[in-house]
Amino acid sequence: MPKGVIYKALSGFYYVRAEGGSVECRARGRFRRDGESPLVGDRVEYSLDPQGKGRVDRILPRKNAFVRPAVANIDLLVAVASEVEPVTDPFLIDRVTAIAEHNGCEVCICVNKCDAFDSHRLRDIYAATPYTVIETSAVTGEGLDALAECLRGRLCAFSGNSGVGKSSILNALEPSLGLKTGEVSEKLGRGRHTTRHVEIFPVAGGWCADTPGFASFDVEEMPPIPKDELAGTFPEFGPYFGRCRFDDCAHIKEPGCAVREAVEAGEISRSRYASYLRLYEISAKYKDWELAKLSRPGT
């Protein structure tokens, strides 16, 4: 049975990129009965009827799957930030990195507009993390080669608050996209009268998943991470696990907490730890069954 990757979902049709080109498919009815839907980014098996119409028959195992946007198998999340107007709150980045860690994605932090600032505040905050931090300028081109190298061969998604220059960066990396900056882009199917859809576009030797609204990942719409799993999404906490006085330490206010001691010693960024506390507070408001429901693609 032929295989391919879904690169666009639109009005109940799935467009599969396969060896012989693009195939327009419907999905088998059993997916709906089983409460499962194909997603953009899915690797699938498909078949053709005698009239050449395609049908998605099987979804191959996923690396990950996200709810909003409905996309699967993301390799890299790019958190775009800025040190100048608008100045990015590190908490916004930390929500993206936590989501990425929880879903098995690599992270690249792109600090844009470096031609307009001298501060390296964000770079310094993430110095103790394993994340790649690249300072870029869509105006001068600085850092874009390094960013392109991160994207090469990967399916990625961009996230960042409005005005940090996501569309400018993508235009600089892939001029053929012709994205409009600072306004709605009709090219990628956005606007009051367009149909909402998700699509994958080639960018700098890799692929970028995009959805209406032009922040591929709207962090506010992401389901919270279960509080018991949250500490594991901050990789710099890892060396201190097992060294706390209590085995079930939540690293909040327990005595003898090795993570808190590391923060006091300057080994873990206070900014990062503050984000952990805020995310923990958000997660604690939800019951396990509520999180499970929120985390299902298509809900």
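Out of the range 133-161, which residues are surrounded by 18 or more Cβ atoms within 10 Å (Cβ to Cβ), free of Cβ contacts under 8 Å to residues at least 40 places away in the same chain and assigned to a loop (DSSP other than H, G, I, E, B)?
Within the range 133-161, T136, S137, A138, G143 qualify.
Among Y276, Y280, which is the only one that is assigned to a helix (DSSP H, G or I), under 19 Å from the mean Cα position of the chain (by Cα) and modelled with pLDDT of 90 or more?
Y276
Go through the range 193-210 and give me each residue that's over 17 Å from the mean Cα position of the chain (by Cα) and at pLDDT 75 or above.
Selection gives A204, G205.
In the range 62-88, which residues are open to solvent by 40 Å² or more (accessible area, probe 1.4 Å) and either in contact (Cβ under 8 Å) with a residue 40 or more places away in the chain or under 19 Å from the mean Cα position of the chain (by Cα) (or both)?
R62, K63, R68, D75, E85
Might you check whether a residue that is over 25 Å from E267 (Cα atoms) and open to solvent by less than 30 Å² (accessible area, probe 1.4 Å) occurs anywhere in the range 116-132?
Yes, there is a match, as at least one residue in the range 116-132 is over 25 Å from E267 (Cα atoms) and open to solvent by less than 30 Å² (accessible area, probe 1.4 Å).
Output the residues belonging to the range 12-39 that are more than 13 Å from I200 (Cα to Cα), in a loop (DSSP other than H, G, I, E, B) and open to solvent by less than 80 Å² (accessible area, probe 1.4 Å).
If the condition is that a residue be more than 13 Å from I200 (Cα to Cα), in a loop (DSSP other than H, G, I, E, B) and open to solvent by less than 80 Å² (accessible area, probe 1.4 Å), then G12, G35, E36, S37, P38 are the ones that fit.
F91 is checked against (1) free of Cβ contacts under 8 Å to residues at least 60 places away in the same chain; (2) open to solvent by 10 Å² or more (accessible area, probe 1.4 Å) and fails just one. What number does that condition carry?
(1)
Restricting the search to the range 44-59, which residues are hydrophobic (A, V, I, L, M, F, W, C) and open to solvent by less than 30 Å² (accessible area, probe 1.4 Å)?
Residues satisfying the conditions are V44, V56, I59.
Within the range 222-257, which residues are in a helix (DSSP H, G or I) and under 23 Å from I282 (Cα atoms)?
Those that are in a helix (DSSP H, G or I) and under 23 Å from I282 (Cα atoms): K227, D228, E229, L230, A231, G232, T233, P235, E236, F237, G238.
The values are calculated or read from the model by the stated rules, or taken from the named source; none is laboratory data. Fair warning: this is a prediction, and the values are worked out from it, not measured in the lab. With ideal geometry, Cβ positions are generated from the backbone for all residues, glycine too; neighbour counts draw on all protein chains shown. Each accessible area value is taken on the protein alone, full model and side chains, heavy atoms only, with ligands, DNA and RNA left out. Shrake-Rupley method; radii C 1.70, N 1.55, O 1.52, S 1.80 Å.
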